[in-house]
Amino acid sequence: MFMTAAERVSPPSPVRADVGRSPFVRLRELLSDIEPGKPPISLAVGEPQHGVPAFVARVIAAHIDEFGRYPMNRGLDDFCQAAAGWLGRRFALPRPIDPASEILVLNGSREGLFLAAIAAARWVGGRHGRPAMLIPNPFYAAYAAGAVAANCEPVYLPATAATGFLPDLDALSEELLARTVAFFIASPANPQGAVADLAYLTRVVALARRFGFLVFSDECYSEIYTRRAPAGMLEAAGPDFANVIEFQSLSKRSNLPGLRIGFAAGDRQFLARFLELYAQKFDLADQIIGDRYGYRRPAGGFFLWLDVSAQGGDEAVALRLWREAGLRVVPGRYLARDQADGSNPGLGYIRVAMVQDQDTTAQALHRLVAVLG
């Protein structure tokens with residue numbers, strides 16, 4: 001939100017309880033008791049309904065054996081090289097992207113945008129006042145969810161017809177910019193479809209470097225346009241790509257939402273930290289949990305999947321951890337469905353999300369072990 005000089009001295013508005021809640025959950029609640037007037041047609045979820053490109057099936061079939069093992073956390077070298085090559089062909093970059101240090105493969109851009117917010121809160125220091133993350137309004141829910149998970153204030157910047165459906169950069173106060181950790185921006189914008197020109201993107205980068213925050217440029221719609229190809233944030237970032245991360249996804253541009261694949265590109269120092277963030281937390285799990293609860297260090301993602309059947313089962317343990325240790329974890333059965341024989345693959349497990357900072361994660365794991373033994 002933008003504030004007048006008088007409003008800036010007032011305390012920030014409290015974060016609403018529905019911040020980060022999926023709009024689709026809220027829509028389902030809204031429509032739950034209403035019968036559709038005609039056979040339903042969903043125009044709600046941004047999931048392409050077009051056919052998968054024909055060549056994709058052949059490529060997957062040729063490499064089907066490779067799906068039997070976990071990929072590296074940072075992604076396969078071949079994919080990183082392909083992504084770097086595409087960026088160089090698609091955008092007028094100041095220099096080629098280094099696939100080894102400036103590309104990070106993601107399980108879709110949604111996960112990357114969320115996790116980047118958490119990493120940014122640890123990466124960006126020296127904020128003056130409560131750390132904030134700037135979010136265009138309307139917005140993609142992952143931005144706000146990431147800001148809240150990172151313990152930052154989500155500050156919503158109106159993107160209306162009056163401002164070309166993009167945040168008004170002239171309305172940002174120096175006080176706000178001085179406490180900003182990250183600026184989320186989408187071009188083409190979701191849902192309005194507005195495209196930021198190179199001059200606008202260059203101004204965003206200049207503000208990020210002047211005030212020391214990160215720019216998270218969501219460009220998953222960059223290949224869907226009506227006139228000319230939209231500019232990309234990396235084009236505005238200069239030869240070192242400092243302070244800038246671009247997020248791309250194959251879901252929209254290639255009609256492949258089910259593959260859950262995308263990538264982040266840009267500031268190599270931040271991407272290295274981004275990759276290391278969860279490695280450090282799993283080091284804690286190795287040390288604190290050890291061989292309890294069937295723990296194995298996961299090959300990817302940011303969850304622990306712990307077998308607590310010997311401690312009373314998933315629901316009982318979730319209740320006990322909340323009651324005795326103030327830990328909120330998810331019973332495994334809630335993440336799976338009963339099979340035809342009545343069994344549930346998640347029964348007896350709990351899911352622990354490793355999304356807090358290092359100290360909080362260590363405290364939580366110690367509490368868990370103290371309660372469960």
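Below is a table of values for the structure above.
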item: Matching residues in region 187-217 - criterion: being open to solvent by 10 Å² or more (accessible area, probe 1.4 Å) and not in a loop (DSSP other than H, G, I, E, B); result: LEU198, ALA199, TYR200, THR202, ARG203, ALA206, LEU207, ARG209, ARG210, PHE211
item: Residue pairs meeting the criteria (Cβ under 6 Å; at least 6 apart or on separate chains; first over 16 Å from GLN192 (Cα atoms), in region 153-171; second assigned to a helix (DSSP H, G or I) and open to solvent by 40 Å² or more (accessible area, probe 1.4 Å)); result: LEU169/ARG203
item: Residue count, region 152-186 (criterion: among the aliphatic types (A, V, I, L, M) and not in a strand (DSSP E or B)); result: 10
item: Criterion (within 25 Å of GLY108 (Cα to Cα) and either hydroxyl-bearing (Ser, Thr, Tyr) or at pLDDT 90 or above (or both)) met by exactly one of ALA189, ALA206, ALA196, ALA178; result: ALA196
item: Selection from region 304-334 of residues that are of a type in the set (Ser, Thr, Tyr) and either farther than 17 Å from ARG292 by Cα or not in a helix (DSSP H, G or I) (or both); result: TYR334
item: Index of the failed condition, ASP338 passing every other in (1) more than 27 Å from ALA117 (Cα to Cα); (2) among the charged types (D, E, K, R); (3) assigned to a helix (DSSP H, G or I); result: (3)
item: Unmet criterion (only one of (1) open to solvent by less than 80 Å² (accessible area, probe 1.4 Å); (2) touching a residue at least 60 places away in the same chain (Cβ under 8 Å); (3) within 18 Å of GLN280 (Cβ to Cβ)) for HIS366; result: (1)
item: Leading residue by the ranking (surrounded by the fewest Cβ atoms within 10 Å (Cβ to Cβ)) among those in region 226-254 that are modelled with pLDDT under 85, among the charged types (D, E, K, R) and not in a loop (DSSP other than H, G, I, E, B); result: ARG253
item: Residue ID - modelled with the highest pLDDT, chosen from residues in region 348-358 that are closer than 21 Å to ARG292 by Cβ and either of a type in the set (Phe, Trp, Tyr) or surrounded by fewer than 16 Cβ atoms within 10 Å (Cβ to Cβ) (or both); result: TYR349
item: Any chance ARG297 is at pLDDT below 85 and within 27 Å of the chain's Cα centre (by Cα); result: yes
item: Lone unmet requirement of (1) modelled with pLDDT of 80 or more; (2) open to solvent by less than 30 Å² (accessible area, probe 1.4 Å) for ASP307; result: (2)
item: Some residue of region 270-290 being among the polar types (S, T, N, Q), closer than 25 Å to PRO99 by Cα and touching a helix residue (DSSP H, G or I) at 6+ places or on another chain (Cβ under 7 Å); result: yes
item: Count of residues meeting criterion [in a loop (DSSP other than H, G, I, E, B) and out of contact with any Leu (no Cβ under 8 Å at 6 or more places or on another chain)] in region 106-148; result: 11
item: Region 120-154, subset surrounded by fewer than 24 Cβ atoms within 10 Å (Cβ to Cβ) and under 15 Å from GLY266 (Cβ atoms), residue modelled with the highest pLDDT; result: VAL124
item: Any hit, region 283-295, residues being open to solvent by 30 Å² or more (accessible area, probe 1.4 Å), in contact with a Lys or Arg (Cβ under 7 Å, 6 or more places away or on another chain) and either part of a strand (DSSP E or B) or not aliphatic (A, V, I, L, M) (or both); result: yes
item: Extreme residue, farthest from GLY266 (Cα to Cα), among residues of region 59-87 that are surrounded by 10 or more Cβ atoms within 10 Å (Cβ to Cβ), of a type in the set (D, E, K, R) and at pLDDT below 80; result: GLU66
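The values are calculated or read from the model by the stated rules, or taken from the named source; none is laboratory data. Here the structure is a predicted model, which is why all the values come from computation and not from measurement. With ideal geometry, Cβ positions are generated from the backbone for all residues, glycine too; neighbour counts draw on all protein chains shown. Surface accessibility is based on the protein's heavy atoms, side chains included, excluding ligands, DNA and RNA. Shrake-Rupley method; radii C 1.70, N 1.55, O 1.52, S 1.80 Å.
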